[in-house]
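For reference, the structure is listed below as structure tokens.
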Amino acid sequence: MTAPDVLVLGSGGAGLAAALLDAGLMLAARPGVFCAGEMLSWDAPTGGYLLTACLATGRRAGLSAAEWLAG
Ligand SMILES: Cc1cc2nc3c(=O)[nH]c(=O)nc-3n(C[C@H](O)[C@H](O)[C@H](O)COP(=O)(O)OP(=O)(O)OC[C@H]3O[C@@H](n4cnc5c(N)ncnc54)[C@H](O)[C@@H]3O)c2cc1C
């Protein structure tokens, strides 16, 4: 088993579609690659206030990576 990659991308209009990810925010096509924050595609009519969702998805992705490593 290899260590999971952690991808972190900056802001942008596009992102990874939910259909590409499992419930733990791992890319289905790239097992061991977990995604969070602005690299995800979401509708956020919050006027730019995105930190809560970025932190929440980061937590989810981190926990999922730990579970994945533990097998
Ligand atoms: C000016 C401004 C003000 C904002 N104010 C607010 C606010 O008041 N409230 C709020 O909720 N949201 C605010 N936001 C939005 C919020 O800051 C972002 O949505 C959030 O920080 C995105 O988090 P992220 O982890 O997805 O990406 P980022 O915070 O952009 O983190 C990405 C990290 O990855 C690093 N990185 C990039 N490429 C690589 C690479 N190849 N290898 C390694 N590291 C890499 C970058 O250096 C960076 O540290 C603001 C955004 C901006 C630009």
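A few comments on the model shown:
- Residue among LEU25, LEU16 that is more than 10 Å from the ligand (Cβ to nearest atom), modelled with pLDDT of 95 or more and of a type outside the set (Gly, Ala, Ser): LEU25
- Segment 33-68, residues that are touching a Ser or Thr at 6+ places or on another chain (Cβ under 8 Å) and either at positive phi or of a type in the set (Val, Ile, Thr) (or both): GLY37
- Hits in segment 49-71 (condition: in a helix (DSSP H, G or I), of a type in the set (A, V, I, L, M, F, W, C) and under 15 Å from MET39 (Cβ atoms)): LEU51, ALA53, CYS54, LEU55, ALA56, ALA61, ALA65
The values are calculated or read from the model by the stated rules, or taken from the named source; none is laboratory data. This one's a predicted model, so the numbers in the text were calculated from it and none came from an experiment. Quick reminder, even Gly has a Cβ in these numbers, built from the backbone with ideal geometry, and neighbours come from all protein chains shown.
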